[in-house]
Amino acid sequence: MSKKIELLVGLFAAIGIAALLMLALKVADSGISGNGNTYQLYAKFDNIGGLKVRSPIKVGGVVVGRVSDISLDSEDYTPVVTLDIYAEYNNFSEATSVSILTAGLLGEQYIGLLPGFIDVSVETLKPGDFIEDTKPALILEELIGQFLFSQGSGD
Amino acid sequence: MSEILVDIKNMTFKRNERVIYDGISLSIPKGKITAIMGPSGIGKTTLLRLIGGQIKPESGQILFDGHDIPQLSRNDLYEVRKRMSMLFQSGALFTDMSVYDNIAFPIREHTELSEDIIEKMVLMKLEAVGLRGARGLRPSELSGGMARRAALARSIALDPELILYDEPFAGQDPISMGVIVRLIQDLGQALGLTSVVVSHDVPEVMSIADYIYIIAEQKIIGQGTPEEIYRQTSPLVQQFVKGESDGPVPFHFPAAPYREELIGRGSK
Amino acid sequence: MQQLQILGHTIIGQISGLGRALLMLLSALFHMPNPRKGFPLLLNQLYSVGVLSLVIILVSGLFIGMVLALQGYTILVGYGAEASLGPMVALSLLRELGPVVSALLFAGRAGSALTAEIGLMKATEQLSSLEMMAVDPLRRVVAPRFWAGFISLPLLAAIFSAVGILGAHLVGVDWLGVDSGTFWSVMQAQVSFEKDILNGIIKSVVFAFVVTWIAVYKGYACEPTSEGISRATTSTVVQSSLLVLGLDFVLTALMFAN
Ligand SMILES: Nc1ncnc2c1ncn2[C@@H]1O[C@H](COP(=O)(O)OP(=O)(O)OP(=O)(O)O)[C@@H](O)[C@H]1O
Ligand SMILES: [Mg+2]
């Protein structure tokens, strides 16, 4: 078998595997390239809107983690979102607030964290803690409804 | 007759509805050259394929050294085929490899010999058919006659017990014809190989065959050593040996009478 | 009556054809050539089936990615949602276009070549001559070709999708001005490895199996004449394309309809 064929087949396999790796790592960001360790925080929302598992968690636009689970609290039936936060961001204060935001008017929804001030009197959030200060997703239909309603009552 | 290698007993074969062989029996002695002659399209190639187990007869036995070819399992058939080889009428060289690799192919497939030894064997066979200089060519670069000789070299590459030659002389000039005749003879005498030669070339066949079968009309119409064949008075045999187009052996594929067909056409 | 009989005849013919194809495949797969002899054969076939299809896959993938980006952008920008260009292109490619279009191109480029090659080997008695040399053509000719196709197509589909995404990046980011960070990060947020990439790979594996199987069977079973080969080649392309599209619907329904 000629060397040239061996070489070209090897090249073909290499390109194929490179393509698969690119899809797995760069396109899907399957967590293998994620920043390794994470810790969990929880947040209860009245309404999560279109938030999905794997939606990003951002602080000022910087991704600091991903939503890893969404479930209903078994007692009061409010949605509980599990936040996987990269281990390097481990210094959020208890005053941190969390809200569900939308990228653009119709874009995807993500979680925005607003770190509160850090003070000796305020403790930092530990793994497994609940974030108390949450703002639910804005639901476009509700907003429009409110808007129309206030217009109607203004007349 | 000496020991028998291939024994066909009361074998019937049909292509669709057309009977090609109607209960023929013939035997091919070991270490001898048996020739099979007969008009074109009578089923000589078919007979070789039947012996090779590529097609199965309707009924009857085809014994190769005691194995009934049509009854063998796939694996056993492949085992038996290692002991035979066939020169195809079309040559059937592998077009994706050079002449050298074609002839080395059966050796590489069935033995664990080193490339050095294989090279010696291949060159020997190529020399025997006068193609040593053409070893690097592709089959598409060979002339018809050269391709047949290369195929011949491939079929004798492993010196199998039984070699089935389908028209080995076709398309050869008188010199290479002589060479091939001698080659087949030598293989038989020196190595004791059994050969079955299908051919129309009466003088060549007469010169090398130990025994001859003449087939026509689904049957064996004549058999014997070359001398016996010459001496046979049967008009069928005489017509074939002398090459007369007029006679009891039909030259045409079975058809309605020519005149009838022409007149039938005209009246339409 | 007549029509009914013809219908029955056709159906029986189809089913027995399927049975023969299955038998052929099984004997090809269960009689693998031994690795020392088989590997060079496989390598050669990977070359002619895989490497030689690479150019058409690269070029088509690039252009389809670029076109998707261009079309997608003009629609998305109307909603101010051009940030979703990345996931839109990536999901279309990974879930559908990558596996399907590369399977269709593969059927035309490599499948037809396989059928024609095996058919011509049959017509020129090379297959018979292998049999008479006690070399099983199913092992020697069919098996390496089948495996080469089966291995090549999923790789080609992955290459197709990857190149397509790069093409979309070229158009979307470098020409139309979508932010590169947004392009990738929104894509990463939306594309899931198991759901999208793995399912796409499963699709292309299924297509690889089907297309290569049809191609080698059509060649192996073709009538050994010029018309026979040309008919077999055509029906390889037609049947495998139709089957790919039909199976794609079934697989999509199974995978993505939750
Ligand atoms: N694949 C086939 N399908 C149907 N009929 C066939 C097939 N092959 C051969 N035949 C028929 O079988 C008969 C015998 O063919 P065969 O090739 O054995 O003839 P032959 O004696 O070798 O002729 P020639 O001397 O011309 O080579 C022919 O009449 C042919 O029509
Ligand atoms: Mg013949």
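The values are calculated or read from the model by the stated rules, or taken from the named source; none is laboratory data. It should be emphasised that the depicted structure is a prediction, and the values quoted were computed from it without experimental measurement. All Cβ positions, even for glycine, are placed from backbone atoms using ideal geometry, and neighbour counts span all protein chains on display. These area figures cover heavy atoms from the full protein model, side chains too; ligands, DNA and RNA do not enter into them. Shrake-Rupley method; radii C 1.70, N 1.55, O 1.52, S 1.80 Å.
Does at least one position in the range B:122-139 carry a residue that is within 14 Å of chain C (Cβ to nearest Cβ) and not in a loop (DSSP other than H, G, I, E, B)?
yes
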(message) For the range B:82-100: of the residues being more than 16 Å from ligand 1 (Cβ to nearest atom) and open to solvent by less than 10 Å² (accessible area, probe 1.4 Å), which is farthest from the other protein chains (Cβ to nearest Cβ)?
(response) B:99
(message) So, in the range B:13-31, how many residues would count as being free of Cβ contacts under 8 Å to residues at least 60 places away in the same chain and within 14 Å of ligand 2 (Cβ to nearest atom)?
(response) 1
(request) Report, ordered by the first and then the second residue, all pairs with beta carbons closer than 8 Å, sequence separation of six or more or different chains, a first member in the range B:38-51 that is under 11 Å from residue B:216 (Cβ atoms), and a second member that is near ligand 1 (Cβ under 6 Å from one of its atoms) and of a type in the set (Lys, Arg). (result) B:38/B:44
(message) Looking at the range C:82-108 only, could you name the residues that are farther than 23 Å from residue C:48 by Cβ, surrounded by 24 or more Cβ atoms within 10 Å (Cβ to Cβ) and out of contact with any Leu (no Cβ under 8 Å at 6 or more places or on another chain)?
(response) C:86, C:90
(message) I need a count of the residues in the range B:32-57 that are open to solvent by 30 Å² or more (accessible area, probe 1.4 Å) and away from ligand 2 (no atom under 16 Å from the Cβ).
(response) 2
(request) List the number of the failed condition for residue B:116; all other conditions in (1) buried (at least 18 other Cβ atoms within 10 Å of the Cβ); (2) of a type in the set (Asp, Glu); (3) modelled with pLDDT of 85 or more hold. (result) (1)
(message) Which residue is nearest to residue A:54 (Cα to Cα), if the candidates are limited to the range A:73-130 and must be open to solvent by 40 Å² or more (accessible area, probe 1.4 Å) and hydroxyl-bearing (Ser, Thr, Tyr)?
(response) A:110
(request) Answer with yes or no whether residue C:106 is more than 20 Å from residue C:166 (Cα to Cα), aromatic (Phe, Trp, Tyr) and touching a residue at least 12 places away in the same chain (Cβ under 8 Å). (result) yes
(request) Among the residues of the range B:169-182, count how many are under 20 Å from residue B:30 (Cα atoms) and either within 16 Å of ligand 2 (Cβ to nearest atom) or surrounded by fewer than 19 Cβ atoms within 10 Å (Cβ to Cβ) (or both). (result) 1
(message) Taking the criterion of being touching a Lys or Arg at 6+ places or on another chain (Cβ under 9 Å) and without any contact (Cβ under 8 Å) to a residue 12 or more places away in the chain, would at least one residue in the range C:15-29 satisfy it?
(response) no
(request) Search the range C:205-225 for residues being part of a helix (DSSP H, G or I) and out of contact with any Phe, Trp or Tyr (no Cβ under 9 Å at 6 or more places or on another chain), and hand back the single one that is farthest from ligand 1 (Cβ to nearest atom). (result) C:206
(request) Please give the number of the condition residue B:28 fails out of (1) within 14 Å of the chain's Cα centre (by Cα); (2) within 14 Å of chain C (Cβ to nearest Cβ); (3) not in a loop (DSSP other than H, G, I, E, B). (result) (2)
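Take the residues in the range B:38-62 that are among the small types (Gly, Ala, Ser) and more than 7 Å from ligand 1 (Cβ to nearest atom), then tell me which one is nearest to the other protein chains (Cβ to nearest Cβ).
Only one residue tops the list, namely B:52.
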(message) Let me confirm something: among B:163, B:103, B:118, which residue is in a helix (DSSP H, G or I), within 13 Å of another protein chain (Cβ to nearest Cβ) and away from ligand 1 (no atom under 16 Å from the Cβ)?
(response) B:103
(request) Within the range B:64-87, count every residue that is assigned to a helix (DSSP H, G or I), of a type in the set (Lys, Arg) and touching a residue at least 24 places away in the same chain (Cβ under 8 Å). (result) 1
(message) Test of understanding: among C:65, C:61, C:78, which residue is over 25 Å from residue C:114 (Cβ atoms) and open to solvent by less than 30 Å² (accessible area, probe 1.4 Å)?
(response) C:65
(request) Within the range C:189-201, count every residue that is at the interface with another protein chain (Cβ under 7 Å from one of its Cβ atoms) and free of Cβ contacts under 8 Å to residues at least 60 places away in the same chain. (result) 2
(request) Name, by its number, the condition in (1) more than 30 Å from residue A:54 (Cα to Cα); (2) within 20 Å of the chain's Cα centre (by Cα) that does not hold for residue C:222. (result) (2)
(message) Within the range C:226-245, does at least one residue satisfy the condition of being on the phi < 0 side of the Ramachandran plot, assigned to a loop (DSSP other than H, G, I, E, B) and β-branched (Val, Ile, Thr)?
(response) no
(request) Give just the number: which of (1) open to solvent by less than 10 Å² (accessible area, probe 1.4 Å); (2) within 26 Å of residue B:83 (Cα to Cα); (3) of a type outside the set (A, V, I, L, M) does residue B:210 not satisfy? (result) (1)
(message) Let me confirm something: among B:105, B:88, B:94, which residue is within 16 Å of ligand 2 (Cβ to nearest atom) and either under 17 Å from residue B:155 (Cβ atoms) or out of contact with any helix residue (DSSP H, G or I) (no Cβ under 7 Å at 6 or more places or on another chain) (or both)?
(response) B:88
(message) Being among the hydrophobic types (A, V, I, L, M, F, W, C) and either within 16 Å of ligand 1 (Cβ to nearest atom) or crowded, with 20+ Cβ neighbours inside 10 Å (or both) is the filter here; which residues of the range B:184-207 pass it?
(response) B:184, B:193, B:196, B:197, B:198, B:202, B:205
